[in-house]
Amino acid sequence: MEDSQRSVILSGLGTFVPHKVVTNDELALHVETSDEWVRTRTGIAERRLAEPGQEVSQMGAEAARAALADAGLQATDIDAIVCATMTPELPFPATACLIQAELGLPRVPAFDISAACSGFLYGLDVVTRLVQSGAYKRVLLVGTEKMSSILDWEDRSTCVLFGDGAGACIVEAVDEPGVGIVDMILGADGSRTDLLHTPAGGSRLPASAETLAARQHYLRMSGKEVFKLAVKEMGAVANDLLERNGLTAADITCVIPHQANIRIIDALAARLELPLDRFLVNIDRYGNTSAASIPLALEEARRLGRFGSGDRILLAAFGAGLTWAGALLKWQ
Ligand code: ACO
């Protein structure tokens with residue numbers, strides 16, 4: 001992508017998180033856990049949870065409005081909408097269509113990407129190609145999740161890990177060469193779907209009294225295995241991106257990792273031989289927000305001045321599927 005005359009940049013970033021903060025101590029009132037366990041095992045201190053009626057499309061639309069304002073654009077300047085989510089508002093139609101309606105933006109194409117926590121980077125790859133081809137001028141990419149709606153609030157091994165929120169970016173091509181998206185890698189291993197999935201509610205096991213009684217509509221995860229594979233695949237994708245672009249980790253100003261567990265981020269830092277202060281970490285405040293995690297972290301890093309014009313940024317994600325993805329950016 002680097003040699004193309006037309007660079008693809010993220011021209012606007014925006015985020016939205018619900019107001020409601022839930023601390024580990026508050027969760028400990030409902031499941032057998034403690035602030036100490038959650039902090040030391042995951043790095044999470046609190047998370048934001050959507051209020052009843054606060055929907056994934058509304059959160060996505062709020063993030064989108066912020067991204068449009070950041071880019072100095074109107075909704076009518078957008079000519080396609082892509083939404084990454086593992087908590088779609090409805091089984092169908094696509095949450096992207098609901099966001100389109102929220103934004104009052106009829107007729108432009110709108111579709112969803114399903115790649116769990118790697119969804120935003122999967123979406124970024126697709127959207128980059130849409131604008132690079134010249135088929136679309138500006139595309140809105142949204143990562144939005146209401147993880148609280150698929151958590152088993154009686155399962156302490158998963159309910160403490162996740163949070164709700166949304167992030168969005170505007171992706172467009174510019175004539176300035178050598179900036180923006182430099183390279184991306186996507187991967188998946190469909191032989192391990194069992195490690196992280198929701199058993200019922202799809203066409204295999206439609207909702208029934210039995211599936212409800214068996215609590216099969218909630219997220220299930222084999223945490224230990226997922227942990228090990230997340231470290232392995234995020235490390236591999238980061239190293240592959242560096243190697244095939246003739247870079248070393250020292251050339252990276254800021255790493256934006258998927259926020260799943262501080263110990264996964266620590267392990268990634270050790271693999272890349274980079275100090276943790278080169279990584280944006282906000283898992284303490286938001287937990288794992290899946291497809292919203294990368295844009296929430298990227299926007300925060302920019303806001304804090306953690307990178308500027310000409311700096312290289314590395315993004316890496318891992319999630320259900322199993323899926324993984326990495327992106328190398330040179331900020332415009
Ligand atoms: N509070 C207290 N104790 C707990 C809790 C809790 N909330 N949860 C689990 N425990 C207990 C377990 O029952 C177990 O007890 P036992 O030894 O008596 O059986 C003990 O703590 C240790 O559990 P482990 O599973 O060994 O804990 P581990 O160190 O693996 O940490 C965790 C668990 C945090 C889930 C970790 O495995 C993890 O982060 N996994 C990766 C998650 C991830 O990366 N997800 C990314 C993708 S997400 C997506 O795509 C949606």
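The values are calculated or read from the model by the stated rules, or taken from the named source; none is laboratory data. Given the structure is predicted, the values throughout are model-derived calculations rather than measurements. Glycine also receives a Cβ, built like all others from the backbone with ideal geometry; neighbour counts cover every protein chain displayed. Areas reflect the complete protein model, heavy atoms only, side chains present, ligands, DNA and RNA absent. Shrake-Rupley method; radii C 1.70, N 1.55, O 1.52, S 1.80 Å.
Only one of Gln74, Gln100 is on the phi < 0 side of the Ramachandran plot and without any contact (Cβ under 8 Å) to a residue 12 or more places away in the chain; which? Working first, answer last.
On the way: Gln100 fails: without any contact (Cβ under 8 Å) to a residue 12 or more places away in the chain.
Answer to the selection: Gln74.
The residues of the range 36-83 that are within 11 Å of the ligand (Cβ to nearest atom) and assigned to a loop (DSSP other than H, G, I, E, B), listed by number, are Gly43, Ile44.
Checking each residue in the range 157-197 for being more than 16 Å from the ligand (Cβ to nearest atom), small (Gly, Ala, Ser) and in contact with a helix residue (DSSP H, G or I) (Cβ under 6 Å, 6 or more places away or on another chain) picks out Ala168, Ala173. In the range 281-298, the residues that are not assigned by TED's automatic domain parsing to the domain that holds Ile150 reach residues that are basic (Lys, Arg) and more than 14 Å from the ligand (Cβ to nearest atom) with C-beta atoms within less than 9 angstrom, at least six apart or across chains, in these pairs: Arg285/Arg48; Tyr286/Arg48; Gly287/Arg48; Thr289/Arg48. Within the range 267-300, the set of residues being under 25 Å from Ser148 (Cα atoms), more than 15 Å from the ligand (Cβ to nearest atom) and open to solvent by less than 10 Å² (accessible area, probe 1.4 Å) comprises Leu280, Asn282, Pro295, Leu298.
Could you go through the range 221-234 and let me know if any residue there is buried (at least 23 other Cβ atoms within 10 Å of the Cβ), not in a helix (DSSP H, G or I) and not assigned by TED's automatic domain parsing to the domain that holds Ala67. No, the range 221-234 has no match at all. The one condition from (1) away from the ligand (no atom under 16 Å from the Cβ); (2) under 24 Å from Leu242 (Cα atoms); (3) open to solvent by 20 Å² or more (accessible area, probe 1.4 Å); (4) not small (Gly, Ala, Ser) that Asp125 does not meet is (3). I'd like the full set of residues that are out of contact with any Lys or Arg (no Cβ under 8 Å at 6 or more places or on another chain) and either open to solvent by 10 Å² or more (accessible area, probe 1.4 Å) or not assigned by TED's automatic domain parsing to the domain that holds Gln74 (or both), limited to the range 161-175. Scanning the range 161-175 gives a single hit, Leu161.
Here's the yes/no breakdown for (1) of a type in the set (A, V, I, L, M, F, W, C); (2) over 26 Å from Trp37 (Cα atoms):
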| position | (1), (2) |
| --- | --- |
| Pro257 | no, no |
| Ile283 | yes, no |
| Ala297 | yes, no |
| Gly305 | no, yes |
| Arg312 | no, yes |
| Phe318 | yes, no |
| Thr323 | no, yes |
| Ala327 | yes, yes |
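Being of a type in the set (A, V, I, L, M), open to solvent by 20 Å² or more (accessible area, probe 1.4 Å) and either in contact with an Asp or Glu (Cβ under 9 Å, 6 or more places away or on another chain) or within 12 Å of the ligand (Cβ to nearest atom) (or both) is the requirement here; does Ala207 meet it? Considered against the rule, which asks whether it is of a type in the set (A, V, I, L, M), open to solvent by 20 Å² or more (accessible area, probe 1.4 Å) and either in contact with an Asp or Glu (Cβ under 9 Å, 6 or more places away or on another chain) or within 12 Å of the ligand (Cβ to nearest atom) (or both), Ala207 comes out as no. Pairs linking a residue in the range 197-213 that is free of Cβ contacts under 8 Å to residues at least 24 places away in the same chain to a residue that is assigned to a helix (DSSP H, G or I) and not hydrophobic (A, V, I, L, M, F, W, C), with Cβ atoms under 9 Å and 6 or more positions apart or on different chains, are Pro199/Thr211; Ala200/Glu210; Ala200/Thr211; Leu205/Thr211.
Flag not set for Gly202, criterion: outside any loop (DSSP other than H, G, I, E, B) and open to solvent by less than 50 Å² (accessible area, probe 1.4 Å). It is to be established whether one or more residues within the range 108-117 are farther than 26 Å from Pro206 by Cβ, outside any loop (DSSP other than H, G, I, E, B), modelled with pLDDT of 95 or more and within 13 Å of the ligand (Cβ to nearest atom). So far as the range 108-117 goes, no, none of its residues is farther than 26 Å from Pro206 by Cβ, outside any loop (DSSP other than H, G, I, E, B), modelled with pLDDT of 95 or more and within 13 Å of the ligand (Cβ to nearest atom).
Could you list, in sequence order, the residues of the range 22-35 that are away from the ligand (no atom under 11 Å from the Cβ) and either closer than 14 Å to Gln54 by Cβ or open to solvent by less than 40 Å² (accessible area, probe 1.4 Å) (or both)? Answer for the range 22-35, where residues must be away from the ligand (no atom under 11 Å from the Cβ) and either closer than 14 Å to Gln54 by Cβ or open to solvent by less than 40 Å² (accessible area, probe 1.4 Å) (or both): just Val22.
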